[in-house]
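Any read-out appearing in this document is the output of simple, stated calculations on the displayed coordinates, not a laboratory observation. This one's a predicted model, so the numbers in the text were calculated from it and none came from an experiment. For neighbour counting, all protein chains shown are included, and Cβ atoms are generated from backbone atoms with ideal geometry for every residue, glycine included.
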Amino acid sequence: MSGFEIERKFLVQEGDAYKSAAFSSSRIKQGYIPCETASVRVRLRDDKAFLTIKGKSVDGGLSRYEFEKEISLTEAEQLLKLCRGGVIDKTRYLVKSPDGKHVFEVDEFYGDNEGLVMAEVELGDEHEPYEKPDFIGREVTGDIRFYNKNMLRFPFKLWKDSLEE
């Protein structure tokens, strides 16, 4: 898959309402290969693996070019050895919007990012209307602290107390 990715990111309010609303969940571990001009991610998701390259964000973090290809588990294990700064470990829950037109990906983080729960919704265009589930909180689209790649270098545990309500 390749093309432009348009997504909005949100914090999830306290509680675990998203878990009971989820129609699916999976465990994800991912690392990043150093690259100055793009984000190069290696991801293990359950029993599958992917290599993803994302360009720089535009439109205030709302969109960016994305290329993704499924790779073998063996290739992913080898590529993870090239990653720097450890891995992001999270469980992803898929939750339909109240109107059923969109799917929110809700990520519950572990390790140094424990306590952070974020949701993303992908859109067809930046002005597409969408309905949020009740547990969706403040929008953080474009806030680089919430980019997974940055959370390896500057994890949530170091700045969570500075997060305004």
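How do MET151, MET118 line up, fewest other C-beta atoms within 10 Å first? Before the final figure, lay out each step's value.
On the way: MET151 24, MET118 21.
The most exposed by this proxy come first: MET118, MET151.
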Quiz item: How far apart, in nm, are two points set 7 Å out from the Cα along the Cα-to-Cβ line at THR37 and at ARG153?
Solution: 1.9 nm
Quiz item: Most fluctuating residue of ASP99, ASP134, ASP107 in a GNM of the chain with Cα springs under 10 Å: which is it?
Solution: ASP99
Self-check item: Inter-label distance, nm, simple model (7 Å from Cα along the C-beta direction), LYS48/THR74
Solution: 2.1 nm
Quiz item: According to a simple spin-label model (label point 7 Å from Cα along Cα-to-Cβ), what is the distance in nm between LYS96 and GLU126?
Solution: 3.0 nm
Quiz item: Pulled fully out, how much extra length does the chain show between ASP89 and SER20, if you take 0.36 nm times their separation in residues and subtract their Cα-Cα distance?
Solution: 22.8 nm
Self-check item: Part-to-part distance (alpha-carbon centres) for the range 83-105 and the range 135-160, which is given in Å
Solution: 14 Å
Exercise. For the range 2-162, just the Cα atoms, rotate onto the principal axes and tell me the three extents in Å, largest first.
Key: 41, 32, 32
Quiz item: So what's the back-of-envelope 222 nm ellipticity for the chain, counting only DSSP H runs of four-plus at -39500 (n - 2.57) apiece and dividing by all residues, rounded to 500?
Solution: -3000 deg cm²/dmol
